[in-house]
Amino acid sequence: MTHAISGAQLRQAADAMLPDLVALRREIHQDPELGLALPRTQQRILDALGGVGGLELRVGTDLGSVIGIVRGELPGPTVLLRGDMDALPMKERTGLSYAATGDTMHACGHDLHVAGLVGAARLLAAHREQLRGSAVLMFQPGEEIGEGAKAMLAEGLLDVAGERVSAAYAIHVVPGDYGVFSTRSGPIMAGSMEFSVSVCGRGGHASAPHLTIDPIPVAAELVSALQAFVTRRVNVFDPAVLSVTSIQAGGEAKNVVPDSVDLAGSIRVLSHETQQLMQSELPTLIERICVAAGCSAEVAVEPLTPTTVNAPDTTDHAQAVLRSMFGPERLWESPAPVMGSEDFSYVLCEVPGTLLFLRATPRDVDLETAAPNHSPHVLFDDSVLADQAAAMAGFALL
């Protein structure tokens, strides 16, 4: 008779592999890669898992992904576990002995996500006799550009084990109280959109603005109108964030009214309905303001990622697993969604699942001044990898 594994046993096994996981994380951290093609990171994952018995490995056709499959010896569902792989185009300023030296940095913890998922894969393969169903390990490139999850789905990710994935889980490290997990049902991260506007007028000499159609005051009016749109057209209980992040006009000459002004920015939403509102009404607002001033407008509002929405059943399961493994004091209920975005949302549009956060600020760093994700100074304590690996494996095993 097969005895079910306990959370304590999983944690003990994960603790034993911690030195290997830390070494892998630091090797990946020191050699970050961008985008969809990550050959060195991909090879490190294959090397780390190549000798693991009971684990099938596959690589992407058009991107540098890795998929692991562990088939349990008991009947049950197919569960997907995601770890993203890519870094950011920024120079590291942490001062770590294993810091990256170029102009690319793991500033969002994806190096920990990879190492943690490698640990979970090893745990699951070692306990196949207690695994009900199958586990699919999704090592995903291109999260920072919002394209990796879509590409892996297009290559058949959800059916790769033969039985379609029925639940999906991901853990994202963030700064905060070391070792504390958090999540919530419903929206957990925002959907993202980008917009661009070209206000076209008629340029001329700055001394005779009446002979021009000056696009600059029109662009200034648009900045205010866009903020008013958010506060007056968007339901306060289904919020959106709109930020104009770029305004460009004219050249070096200060006595020339330019022909055009280009604006661009970011929009974050928590529902498909608000995303649709932005796409349908924002161009009309912009175009009419421009026409009223005698200008024309070229407007684009492009969706990037959907809202990340956690399913109630998988969230309840994940929370129950974490409470049993780590105790209730290490699990918080997220009070509100985060307005950042995640392309794991594409997976959750297809199957129910849950994204969780794991706080990993080193204990000797003041939480009040701890650098956030995407900062060149952000620090994560990689001793958290044992708990990350155990938790991920626990979602499939327990």
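A few points about this structure:
- Restricted to region 265-281, and to residues there that are under 29 Å from G201 (Cα atoms) and in a strand (DSSP E or B), the residue that is most open to solvent (accessible area, probe 1.4 Å) is S266.
- The residue pairs whose first member lies in region 124-147 and is in contact (Cβ under 8 Å) with a residue 12 or more places away in the chain, whose second member is open to solvent by 30 Å² or more (accessible area, probe 1.4 Å) and polar (S, T, N, Q), and whose beta carbons are closer than 7 Å, counting only pairs six or more residues apart or on different chains, are E129/T2; Q130/T2.
- Applying the condition of being assigned to a loop (DSSP other than H, G, I, E, B) and hydroxyl-bearing (S, T, Y) to region 355-387 and asking which residue is surrounded by the fewest Cβ atoms within 10 Å (Cβ to Cβ) yields T369.
- Options T78, T61, T41; residue that is among the polar types (S, T, N, Q), surrounded by fewer than 15 Cβ atoms within 10 Å (Cβ to Cβ) and within 25 Å of the chain's Cα centre (by Cα): T61
- Some residue of region 132-155 being modelled with pLDDT of 95 or more, under 14 Å from the mean Cα position of the chain (by Cα), polar (S, T, N, Q) and within 28 Å of M17 (Cβ to Cβ): yes
- Count of region 92-130 residues which are part of a loop (DSSP other than H, G, I, E, B) and of a type in the set (A, V, I, L, M, F, W, C): 5
- The requirement of being open to solvent by 10 Å² or more (accessible area, probe 1.4 Å) and assigned to a helix (DSSP H, G or I) is fulfilled nowhere in region 131-145; no residue meets it.
- Test: residue in region 179-201 that is assigned to a loop (DSSP other than H, G, I, E, B) and under 23 Å from I247 (Cβ atoms): yes
- Scanning region 242-256 for residues that are open to solvent by less than 70 Å² (accessible area, probe 1.4 Å) and in a strand (DSSP E or B) gives L242, S243, V244, S246, A249.
- Lone qualifier among D313, D262 - being part of a helix (DSSP H, G or I) and modelled with pLDDT of 95 or more: D313
- Test for E329: is it open to solvent by 50 Å² or more (accessible area, probe 1.4 Å) and more than 15 Å from V269 (Cβ to Cβ): yes
The values are calculated or read from the model by the stated rules, or taken from the named source; none is laboratory data. Bear in mind that the values here come from a model prediction, so they are computed numbers and not experimental data. Every residue, glycine as well, gets a Cβ built from its backbone with ideal geometry; the counts of neighbours run over all protein chains shown. Side chains are part of the model used for accessible areas, which takes the heavy atoms of the whole protein and leaves out ligands, DNA and RNA. Shrake-Rupley method; radii C 1.70, N 1.55, O 1.52, S 1.80 Å.
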